[in-house]
1. Please compute the modelled spin-label separation between residue 237 and residue 215, points set 7 Å along Cα→Cβ, answer in nm with one decimal.
2. Which value in nm describes the separation of the simple spin-label points at residue 187 and residue 65, placed 7 Å from the Cα toward the beta carbon?
3. For a label point 7 angstrom out from the Cα of residue 148 toward its Cβ, which stretches of the range 233-254 have the backbone nitrogen within less than 18 Å?
4. Fully extended, how many nm does the chain gain between residue 223 and residue 49 (0.36 nm per residue separation, minus their Cα-Cα distance)?
5. What number, rounded to the nearest 500 deg cm²/dmol, is the helix-based mean residue ellipticity at 222 nm of the chain, given -39500 (n - 2.57) per DSSP H run of at least four residues and division by all its residues?
6. If amide H atoms are built 1.01 Å from N in the plane of the peptide, which residues on other chains or at least 5 residues away come under 5 Å of the amide H of residue 272?
7. Under 5 Å between amide H atoms, partner at least 5 residues away or on a different chain: which partners does residue 200 have, H built in plane at 1.01 Å?
8. Using a simple spin-label model with points 7 Å from Cα along the Cα→Cβ vector, what separation in nm is obtained for residue 112 and residue 125?
Amino acid sequence: MPGIEYARRVRPPPRPYARPVNVGPLQRVLVRPPRAEDVPSWRALGWRAEPDPAGLAEEHEALCALLEDGGAEVVRAEGRPGSLDAIYTYDPLLVTDAGALLLRPGKPQRRDEPEAFLGELLRAEIPVLGALEEPALAEGGDTLWLDERTLVVGRSYRTNDEGVEALQAAFPAADVIAVDLPHLRGRGEVLHLLSLLSPLDVDLVVGYPPLMPVRLVELLERREIRIVEVPDAEFGTMGPNVLALGPRVGLALEGNDTTRKRLAKAGVEVLVYKGDEISRKGDGGPTCLTQPLARRRVDSGGSRSS
């Protein structure tokens, strides 16, 4: 099977793990706390500014506390040492109800991150489906399950054609739909698919339509999925980056008041966290900082069941 190297399988876990639909109540989530020895990597990784080590740790722990207060078990991973990007746990893995696929990040400095999480997955009793291999490239931020059979993949500077083909091979029963992402400012400030939208219910996303691929907008229209639009002024401050804690309950970076008001009008409760160090300086919001491992399957408040 091209692009896939199968790792050894483990016994399925006794508890449910992440389902493909991204909006069920969050039960278990993988994070990687920052460390002081990570900070020197900031410039090489393209962070906007050098973060304060104490501020990094404080903000990340406060984020974990919010997740725990919301009822989620927070699994703190060791991950790759010496890399600030390692705190963005969503990119190295694709976790589904069948288990976890180790991806192959397009950012060269992150290539060994997926394998660094292998031990954590095994300890968490998450089956490991396999791993992408050269020349396939794919990052979690370019993937979005619209339902249990539909995987949207952003073709970007971090996810190549071989990566899309590898995901199609890994999930043969799914409808894998590739959409081209915009160049915008180029490789240095690459956009992920989840830079443009986040699901908050089975019939609701928050997003920035001016940069969304036409094919994706049309797909959302066919599925009768409403877009809560982020204003121009709040796109650059991660307005579309909102983590679903449950149907119509989201966690967002503080600020972006207009987006939050629009979400409230759509019936979404929005909690906020401070992320001057962990988010603004590294361009990674709450969906980047977390890797959901388990979500409860419930009937959503939307037009269809999640």
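The numbers here are math on the coordinates, done by the rules we state, and not lab data. Remember, predicted model here, so these are calculated numbers, not experimental data. Using ideal geometry, Cβ is built from the backbone for each residue, glycine included, and neighbour counts are taken over all protein chains shown.
1. 3.4
2. Each label point lies 7 Å from its Cα, and together they span 4.2 nm.
3. Of the residues in the range 233-254, 247 have backbone N under 18 Å from the label point off residue 148.
4. 58.6 nm
5. -5500 deg cm²/dmol, from helical runs alone.
6. Those lying under 5 Å, H to H, from residue 272 are 252.
7. 205, 206
8. Spacing of the two 7 Å Cα→Cβ label points: 3.1 nm.
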